[in-house]
There are 2 protein chains.
Amino acid sequence: MTRTTDQEPEGASPERVSRRRLLATAGVGGAGALASAGIGVGTVLGVQAAREPQERSIQFGADVEPFHGPRQAGITTAPQAHLVFIALDLREGADARSIVRLLRLLSDDAARLTAGEPALADTEPELALTPASMTVTFGFGRRLVETLSPGAAPEWLEELPEFRIDELDEELCGGDLGLQLCGDDPVSLAHARRMLLKDARPYARPRWIQEGFRPARGVHRPGVTHRNLFGQVDGTVQPTAGDDGQEFVVWGHPPQHLDSPIRPWIEGGTSMVVRLIRMDLDGWDELARSGKEAAIGRDLSEGAPLTGEHEHDAADFDATTPLGFPVIEESAHMRRARAQSPEEQMLRRSYSYDRPPAGAGISDSGQLFIAFQADVIRQFLPVQRRLAELDRLNEWTTPIGSAVFAVPPGCAPGGYIGDVLG
Amino acid sequence: MTRTTDQEPEGASPERVSRRRLLATAGVGGAGALASAGIGVGTVLGVQAAREPQERSIQFGADVEPFHGPRQAGITTAPQAHLVFIALDLREGADARSIVRLLRLLSDDAARLTAGEPALADTEPELALTPASMTVTFGFGRRLVETLSPGAAPEWLEELPEFRIDELDEELCGGDLGLQLCGDDPVSLAHARRMLLKDARPYARPRWIQEGFRPARGVHRPGVTHRNLFGQVDGTVQPTAGDDGQEFVVWGHPPQHLDSPIRPWIEGGTSMVVRLIRMDLDGWDELARSGKEAAIGRDLSEGAPLTGEHEHDAADFDATTPLGFPVIEESAHMRRARAQSPEEQMLRRSYSYDRPPAGAGISDSGQLFIAFQADVIRQFLPVQRRLAELDRLNEWTTPIGSAVFAVPPGCAPGGYIGDVLG
């Protein structure tokens, strides 16, 4: 639905130029709003325009992912290089009116900032001018949905059941409102993060915030599967665009040939499961390469199934070694994770994190695992239960944070995210 | 000295292609070393080569900043998008022999990783293949220099004197060895950080680690001055390349026409002053735009002196308003920071940081200020003293960390950083 500029050719296409012009125009529109807020950035936007002839075609600072539309951006959008995930708690006494005010404000901020325009009353408007494909994706917790529209929360909107592998830190779990900010420029992303938190402050306070990264834009050719900090190719099996893939898995519209109970909780909506997973790099590094590959069921160099040659080769789970053992072990991650039914699919959009270590260690690293699926109970949970029960990778991975959000549809210009519930 | 690829045209020049080939060759060389370490990444490097025809000219994953040479990289190198600064403490009982072993190891790692090759015994070799202009710059604390070569430490190699604006946290200060890692790809940077910390572990432990960012590569045209999180254009006044500029300021060779006491502590060496500066964004945002501009002495939109129109216009410090007040106030940052003598110059290479807030705040942001100059006492200190005494910006900025390092020259292939002191 959204324009995934990451997948476009990188040359100076006329389309690209016209998007720049579009932005310049949008910027001038935004300047009016700013002037009314007493901030004179009209000149800034002028300067930006004057610089255009000198810009080269590789530059993507002005690339825009449309915010408005029937579905939110940042879901099927090709993952940008940087993520900041913000989980907010509503202040005590929040009611439907104050929630609507909050959502209106944040939707307006998000619409402007993702378009490369300063937010209303933006105090650092110059930091807003390079959106670099920024997206802001809103997810609602049960309390928010039920306060806004009693009875509207889908049945799966609750904390995940406890799994025996979990070592959850309450401070890294939950949230009434989850904001997934993604973009290819860390500076405009930091600015957006601050603007959203500032405008949310009267209504909500940060519960947890987690940053993440993937390869910088321009490091790989578009479409290459990224690697996590274990060095694994991560995210190979994904629903494709189109009727049999994302339309079903993410948006809850089963293809005609499939008799499936999957339905969207609301048209244009989906769910977002977030798991903060600590990765024990020290322990992982003690494994020989062959041991790592056996744990996953894929080779490390290509990400190919151990029964194949290339990343996207279908795995042969029946193949055995000359001694009769399965080539892909019973406990291998890829065997345990594979779908047992057409429903057991999700769209993964995960990011690595790497924090300064506390104490004697040398790293505190892991992954912010983010999965989108129409129905948490039917799609995500069976896979997660199987992995919690048995998965060689569990030896080196520990879930420390967890949250589930209902993702409402997008909104039209003038509307706000959640207005269908209002 | 180093190739600053950021300043090159971004087209597919033959030079660019030949650098790729160079890298591929270097990679094959590295594979031999890996094979002897029992790691079969030969195929990986083969795959990388096979992908080349599909790569587009904008891709910079394979760009290499040469590690070897008479001066270290990462100093006059155009700043890359991401930084990780690692300050290490030597373990108790460290002697010259163990320090040499540490420096040999880390230099070998840095040489390989910056060339896009896995480190020796690299456990995630695939994460090393996109150096994206990575640099690793070594700085030595007094204890390291004096243990390695008694009497060799320059007089300025000690903690800075305490300034009344400081609120230093001991855990964010000092270090026996400072490693400035910079690169345009956060993934290969995370990998390099871990490899260096892993190999250092028997000899040294992390004292403090700080990440930082600037605009992503590809967001601005090369040469644009970045903005800090206050929205200010930051780093306009810099020594130029050449005899009157960096040769003097950074490397300690005064131009012939100048009778200056500045000398390098060692040929090809310099100093690195690191200050972790917390920025009070909430307080800053309470200022009107004109108040912010008065505090700096420059306008926000362009970074132009308040007496000029463009960023690089010379400031007129004698200009007055119709009422007779100075246009650039006495306490304005730019007036207080400007050089009073040819010696009072430094090369600044700072990065923003933006950490999840602890407690009730919405942000914990600031800047890792990094300055290179041949002589800390004659170049950095007079400016810092003046700013500590009076600078409007002090109201919203607080130094919370501080360190001074002696930067030794670069090394030749087969050598190690610090070998001139060995």
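The values are calculated or read from the model by the stated rules, or taken from the named source; none is laboratory data. Keep in mind it's a predicted model, so treat the numbers as computed, not measured. Here the Cβ positions follow ideal geometry from the backbone for every residue, glycine too, while neighbour counts run over all protein chains shown. All accessible areas refer to the heavy atoms of the entire protein, side chains included, with ligands and DNA or RNA removed. Shrake-Rupley method; radii C 1.70, N 1.55, O 1.52, S 1.80 Å.
Mind checking which residues of the range B:208-226 are touching an Asp or Glu at 6+ places or on another chain (Cβ under 7 Å) and surrounded by fewer than 24 Cβ atoms within 10 Å (Cβ to Cβ)?
Taking the range B:208-226 as the starting set, the residues that turn out to be touching an Asp or Glu at 6+ places or on another chain (Cβ under 7 Å) are B:208, B:215-217, B:219, B:221-222, B:225-226.
The answer is B:Trp208, B:Pro215, B:Arg221, B:Pro222, B:Thr225, B:His226.
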> Do the conditions hold for B:Gly361, that is, is it out of contact with any strand residue (DSSP E or B) (no Cβ under 6 Å at 6 or more places or on another chain), at pLDDT below 95 and surrounded by fewer than 20 Cβ atoms within 10 Å (Cβ to Cβ)?
Replying inline: yes
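Can you name the residue in the range A:318-346 that is crowded, with 20+ Cβ neighbours inside 10 Å and not small (Gly, Ala, Ser) and is also nearest to A:Thr270 (Cα to Cα) among such residues? Please lay out each step first, then the result.
First pass over the range A:318-346, keeping only residues crowded, with 20+ Cβ neighbours inside 10 Å: A:328, A:332-336, A:343, A:345-346.
Filter again for not small (Gly, Ala, Ser), leaving A:328, A:333-336, A:343, A:345-346.
On the way: A:Ile328: 33, A:His333: 26, A:Met334: 25, A:Arg335: 26, A:Arg336: 24, A:Glu343: 14, A:Gln345: 13, A:Met346: 11 Å.
Per the stated criteria, the residue is A:Met346.
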>> Here's a check for you: in the range A:401-422, which residue that is open to solvent by 10 Å² or more (accessible area, probe 1.4 Å) and among the β-branched types (Val, Ile, Thr) is farthest from A:Ser271 (Cα to Cα)?
In response: A:Val420
> Across the range A:202-231, what is the number of residues that are farther than 30 Å from A:Gln59 by Cβ and facing chain B (nearest Cβ under 9 Å)?
Replying inline: 5
>> I'd like the full set of residues that are crowded, with 22+ Cβ neighbours inside 10 Å and either touching an Asp or Glu at 6+ places or on another chain (Cβ under 6 Å) or over 23 Å from B:Arg217 (Cα atoms) (or both), limited to the range A:228-241.
In response: A:Asn228, A:Phe230, A:Gly231, A:Gln232
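Residue by residue, here is whether (1) modelled with pLDDT of 95 or more; (2) within 30 Å of A:Leu306 (Cβ to Cβ); (3) among the aliphatic types (A, V, I, L, M) holds:
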position: A:Met334; (1), (2), (3): yes, yes, yes
position: A:Val376; (1), (2), (3): yes, no, yes
position: A:Val383; (1), (2), (3): yes, yes, yes
position: A:Ser402; (1), (2), (3): yes, no, no
position: A:Gly415; (1), (2), (3): yes, no, no
>> Condition check: under 30 Å from A:Leu421 (Cβ atoms) and hydrophobic (A, V, I, L, M, F, W, C). Does A:Trp284 satisfy that?
In response: no
> Got at least one residue in the range B:243-265 being touching a residue at least 60 places away in the same chain (Cβ under 8 Å) and assigned to a strand (DSSP E or B)?
Replying inline: no
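Are any residues in the range B:362-395 of a type in the set (Gly, Ala, Ser) and touching a Gly at 6+ places or on another chain (Cβ under 7 Å), and if so, which ones?
At the first step, the residues of the range B:362-395 found to be of a type in the set (Gly, Ala, Ser) are B:363, B:365-366, B:371, B:374, B:388.
Once the filter is applied, which keeps residues that are of a type in the set (Gly, Ala, Ser) and touching a Gly at 6+ places or on another chain (Cβ under 7 Å), the range B:362-395 yields only B:Ala374.
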> B:Ile377 passes all but one of (1) open to solvent by 30 Å² or more (accessible area, probe 1.4 Å); (2) within 10 Å of chain A (Cβ to nearest Cβ); (3) β-branched (Val, Ile, Thr); which number fails?
Replying inline: (2)
>> Take A:Leu197 and tell me if it is open to solvent by less than 10 Å² (accessible area, probe 1.4 Å), closer than 26 Å to A:Ser365 by Cα and more than 9 Å from chain B (Cβ to nearest Cβ).
In response: no
